[in-house]
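Chemist: This is the structure I want to talk about, given as structure tokens.
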Amino acid sequence: MPGEIPPFIYFLMLHGLLGGVDVFLNHELLAKLPGQTWSGPEERMHSLREWIFCAIFISLAWFEWHGAAVWWIALLYLGEVLVSVRDVVIEGNTRVLPKPERVLHLFLFMNLGALVVVVGQALSGWHALPTAVMRTDYGLASWVLSVMAIGSLVWALRDGMSAARHHQPG
């Protein structure tokens with residue numbers, strides 16, 4: 001039986017939706033990044049981000065991370081923040097972002113900040129518990145996050161292959 005859905009799950013699903021729109025609209029349709037010879041460093045950051053979100057989506061869809069296990073989730077979010085910082089620098093050095101992409105990135109960064117806060121609250125509570133990875137089930141929300149994890153995995157591989165084709169020092 002599904003448990004009560006914590007707020008971070010809603011923010012995480014919103015992030016997956018916004019990120020998916022960013023990938024399809026901005027990276028694929030407008031910028032056509034996979035076909036650009038200069039896109040290697042940016043595609044490498046996107047691939048890394050998608051790997052991280054694949055892990056976040058699946059880790060929080062079905063599990064609670066208690067005690068010392070909270071550090072797995074904390075490290076994933078730290079990795080995402082570091083990748084985002086590097087990605088902003090790379091994008092700023094290689095291309096002028098179209099207005100829709102700049103606006104969507106603003107919403108993604110605002111939601112990431114909210115995610116860090118609400119996930120941090122959950123981690124704070126979980127950290128006080130004995131170390132364990134506990135199975136959970138948020139019903140449809142767990143399945144939505146699982147689909148998002150698969151989508152992130154597919155795009156991580158795709159962007160990684162694009163980065164390898166357009167290899168440049170980043």
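Bear in mind these aren't lab numbers, they're just calculated from the coordinates by the rules spelled out. In this text, all values refer to a predicted model and were calculated from it rather than measured experimentally. Cβ: placed from backbone, ideal geometry, glycine included. Neighbour counts: every protein chain shown.
Chemist: What does the extension gain come out to for THR37 and VAL85, with contour length at 0.36 nm per residue minus their alpha carbon separation?
Modeler: 15.0 nm
Chemist: Let me ask you something else. Under the Karplus relation 6.51 cos²θ - 1.76 cosθ + 1.60, θ = phi - 60°, what is the ordered set of whole-Hz ³J(HN,Hα) values for segment 7-12, x standing for Gly and Pro?
Modeler: Result, rounded to whole Hz: x, 4, 5, 5, 5, 5.
Chemist: Okay, moving on. Could you size up the charge dipole of segment 24-64 around its Cα centre, putting +1 on the beta carbon of Lys and Arg and -1 on that of Asp and Glu, and report it in debye to the nearest 20?
Modeler: The dipole magnitude comes to about 100 debye.
Chemist: Report, in whole Å, the centroid distance computed from the Cα atoms of segment 128-161 and segment 36-69.
Modeler: Result: 10 Å between the Cα centres.
Chemist: What residues qualify as long-range amide H neighbours of LEU129, i.e. H under 5 Å apart, gap of 5 or more or another chain, H built at 1.01 Å from N?
Modeler: Amide H neighbours of LEU129: GLY67.
Chemist: Under a plain spin-label model, where a point goes 7 Å from the Cα along Cα-to-Cβ, how far apart in nm are LEU29 and ARG95?
Modeler: It works out to 1.5 nm between the two label points.
Chemist: If you rank ILE9, ILE56 by fewest surrounding Cβ atoms within 10 Å, what's the result?
Modeler: Details: ILE9 21, ILE56 25.
Ascending number of Cβ neighbours within 10 Å: ILE9, ILE56.
Chemist: Using +1 on the beta carbon of Lys and Arg, -1 on that of Asp and Glu, and nothing else charged, what's the dipole of the chain about the Cα centre, debye to 20?
Modeler: Charge dipole, the chain, about its Cα centre: 300 debye, nearest 20.
Chemist: If you don't mind, another one. Which of the following values of mean projected area of the Cα convex hull in nm² was calculated from the structure shown: [x] 9.5; [y] 10.6; [z] 11.4?
Modeler: Identified label for the calculated read-out: [x].
Chemist: Among ASP22, ASP137, which comes first, then next, by fewest other beta-carbon atoms within 10 Å?
Modeler: Fewest-to-most ranking of ASP22, ASP137: ASP137, ASP22.
Chemist: Among TRP62, TRP38, which comes first, then next, by fewest other beta-carbon atoms within 10 Å? Before the final figure, lay out the partial values.
Modeler: Working: TRP62 18, TRP38 12.
If I rank by nearby Cβ atoms, fewest first, I get TRP38, TRP62.
Chemist: Kindly provide the helix-only [θ] at 222 nm of the chain, computed as the sum of -39,500 (n - 2.57) over DSSP H runs of four or more divided by all residues, to the nearest 500 deg cm²/dmol?
Modeler: The helix contribution divided over the chain gives -24500 deg cm²/dmol.
Chemist: Given Cβ point charges of +1 (Lys, Arg) and -1 (Asp, Glu) and nothing else, what value in debye, to the nearest 20, does the dipole of segment 30-115 about its Cα centre take?
Modeler: Using Cβ point charges on Lys, Arg, Asp and Glu, segment 30-115 gives about 260 debye.
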